[in-house]
1. Tell me the carbon and sulfur percent of the accessible area for segment 233-316, rounded to whole percent, probe radius 1.4 Å.
2. With θ set to phi - 60° and the Karplus curve 6.51 cos²θ - 1.76 cosθ + 1.60, what are the ³J(HN,Hα) couplings of segment 10-19 in order, to the nearest whole Hz, using x for Gly and Pro?
3. Would you work out if segment 1-43 is rounded, prolate or oblate? Take a ≥ b ≥ c from the square roots of the eigenvalues of the alpha-carbon gyration tensor; rounded if a/c is under 1.5, else prolate when a/b is larger than b/c, oblate otherwise.
4. With just the Cα atoms of segment 165-252, tell me how far they stretch along each of the three principal axes, in Å, largest first.
5. Counting just the Cα atoms, what span does segment 185-316 cover along each of its three principal axes? Round to the nearest Å and put the largest first.
6. In square angstrom, what is the accessible area per residue of segment 26-73 with a 1.4 angstrom probe?
7. In segment 1-48, what percent of the accessible surface is made up of carbon and sulfur (1.4 Å probe, ligands and nucleic acids excluded)?
8. Summing Lys, Arg as +1 and Asp, Glu as -1, what charge do residues with Cβ under 12 Å from the Cβ of L47 carry, L47 excluded?
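The values are calculated or read from the model by the stated rules, or taken from the named source; none is laboratory data. Predicted model only: the values in this text are computed from it and were never measured. Heads up, the Cβs are rebuilt from the backbone with ideal geometry, glycines too, and the neighbour counts pull from every protein chain shown. Accessible surface is based on the protein model in full, side chains and every heavy atom, while ligands, DNA and RNA are left aside. Shrake-Rupley method; radii C 1.70, N 1.55, O 1.52, S 1.80 Å.
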Amino acid sequence: MAAAPLGRVVLTHLLVALFGMGSWAAVNGIWVELPVVVKDLPEGWSLPSYLSVLVALGNLGLLLVALWRRLAPGKGERIPIQGLLLLLPSPPSVPTWGPRPGLRVGAPGVEEEEGEAALPLQEPGVQTAGTMPNLDPEPPRLLPVRSACLLGLLAVTNALTNGVLPAIQSFSCLPYGRLAYHLAVVLGSAANPLACFLAMGVLCRSLAGLGGLSLLGVLFGAYLMVLAVLSPCPPLVGTTAGTILVVLSWVLCLGLFSYVKVAASSLLHGGGQPALLAAGVAIQVGSLLGAVAMFPPTSIYHVFRSGKDCVDPCGP
């Protein structure tokens with residue numbers, strides 16, 4: 001099988017990079033404006049919850065297209081569109097494409113695109129380079145426990161970072177002032193790519209290690225949830241220490257979860273296209289469930305209370 005021309009490869013990588021940067025710039029650009037507009041728009045402090053649901057619903061279109069191409073192949077040239085799922089604002093990782101380790105490109109009887117997509121999710125290195133495809137394949141194996149745990153981590157962490165926590169960010173930060181909210185949004189957004197670059201150099205391959213980092217992120221998230229529940233009078237309101245704590249908690253929480261998401265996605269990429277598709281589904285489904293779950297308590301039942309300008313609800 002002849003290799004693709006260099007110009008086509010460069011153009012493809014450039015277009016994928018522009019797609020990823022464009023989606024991140026658009027959504028993050030809106031998100032960092034919330035501290036300025038959240039008090040002036042009709043939705044008030046519940047505005048982040050609306051945005052979380054809209055972003056999650058917007059990503060469903062690409063997810064449905066990827067699933068359709070996976071379940072109904074053969075409709076023209078297949079495009080690895082499921083890889084683009086990992087470039088949307090929900091996920092933080094960039095996919096890498098190529099033949100799965102152990103499969104020979106152009107081997108007799110092997111259809112590189114269709115055959116690989118039909119194989120079940122498996123751990124890297126299961127097949128060796130000289131292994132010929134079995135003409136009478138065995139029944140597909142169940143999803144390996146390690147891969148299932150990584151997919152579960154992806155779903156849970158994305159549910160928290162793209163649905164649950166953004167919906168309550170205004171309630172946890174605004175009692176401490178617009179500056180605290182602004183710093184939490186901007187520095188939290190910066191923690192995401194920094195964690196991604198860290199994972200590129202230092203990748204945790206231990207499932208227990210990733211679970212421990214996730215648990216630490218959950219602790220910071222629980223603290224932020226408590227602040228939101230106690231809004232508009234959380235602990236240390238009106239103090240510098242309270243402002244520092246809430247901003248630091250947001251940065252560490254988002255940074256830890258971003259690192260876990262990148263590490264889990266990187267470990268799953270060894271499973272080829274099926275693993276990449278499963279990771280994209282876990283990311284988008286987790287984000288949607290988290291956003292939808294938080295919409296009623298924040299925007300319908302008003303479990304979290306908003307403060308009012310020029311009024312001190314925490315006074316004697």
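1. Numbers: 2500 of 3570 Å².
Of the solvent-accessible surface of segment 233-316, carbon and sulfur hold 70 percent.
2. Coupling constants for segment 10-19: 5, 5, 4, 5, 5, 5, 5, 5, 5, 4 Hz.
3. On the way: a/c = 8.42, a/b = 5.75, b/c = 1.46.
Since a/c reaches 1.5 and a/b is larger than b/c, the shape of segment 1-43 is classed as prolate.
4. Principal-axis extents of segment 165-252 (Cα, largest first): 41, 23, 22 Å.
5. 60, 32, 24
6. Details: 2430 Å² over 48 residues.
The answer is 51 Å² per residue.
7. On the way: 2350 of 3150 Å².
The value for segment 1-48 is 75 percent carbon and sulfur by accessible area.
8. Numbers: positive: K39; negative: E33, D40, E43.
Around L47, the surrounding residues sum to -2.
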